[in-house]
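Before any comments, here is the structure.
Throughout, read-outs are computed from the coordinates displayed, never taken from laboratory work. Keep in mind that this is a model prediction, so the values were computed, not measured. Note: ideal-geometry Cβ built from the backbone for every residue, glycine included; neighbour counts use all protein chains shown.
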Amino acid sequence: MAAWPVLYDLDVEEEIPRRCTIEAWAPPVPAITEVFHAHIVDWAYPPHCHDTWAVLIVDDGAIRYDLDTRPRGAARRTVTILPPGVVHDGRPAPGATGFRKRELYLRADFLPAALTGAAVDRSNIADIRLWTALAGLHDCLARGGDLRDAEGRSPWSPSASPHTSPWPRGPWRWPPRSDSATRHTSPGTSNGIHR
């Protein structure tokens, strides 16, 4: 058992295969409650929901999921937004042996609750600039880089370039890096989702 808290703990009856890897941590960044990177091979997430907005990008492979019982998919070069409180699952898409994804969990009050219906109806945004900005933000957060640099990469930062996606520019600023950031890496994690 790890000496640090497990941030992402799946509620499943069987072990996640060892060839799957999960890395999750809580950066000292307002609005971002958790960063989650996963490589999933031949395994399916059970139906679950979060109390946060989930914003994900797929780096490799493709994901098939149901969102509020509606069949959906996520692939490279799209941004997927899953609203809080809406049940979804996830598995490799037909023909894909797995997927690599990077995900941000944003506080439930970060986006207006009124966007929930729109996010269920249209959970994917095909916006390469937004995808690239999120990929850069993930890269910056993963290397523990200067969070001021991360702010410039954030699609909702006041300094970000304008784009057509429905992302508000937050009034908050990113604080200096804190050593209190929690990070956890776990191959084959199991047990309960705590969101």
message = Explain nothing, just compute: Karplus ³J(HN,Hα) = 6.51 cos²θ - 1.76 cosθ + 1.60, θ = phi - 60°, for every residue of segment 84-89 in order, whole Hz, x for Gly and Pro.
response = x, x, 10, 5, 8, 10
inquiry  = What distance in nm separates the two pseudo spin-label positions at ASP89 and ARG18, each 7 Å out from Cα along the beta-carbon direction?
reply    = 2.7
Gyration tensor (alpha-carbon) shape descriptor, segment 52-143, a/c threshold 1.5 = oblate
task = Show the residues, 5+ positions off or on another chain, whose built amide H is closer than 5 Å to the amide H of GLY73.
result = TYR65
ask   = Using the Karplus equation 6.51 cos²θ - 1.76 cosθ + 1.60 (θ = phi - 60°), what ³J(HN,Hα) coupling, rounded to whole Hz, does each residue of segment 39-53 give in order, writing x for Gly and Pro?
value = 10, 10, 10, 6, 8, 10, 6, x, x, 6, 9, 10, 9, 10, 6
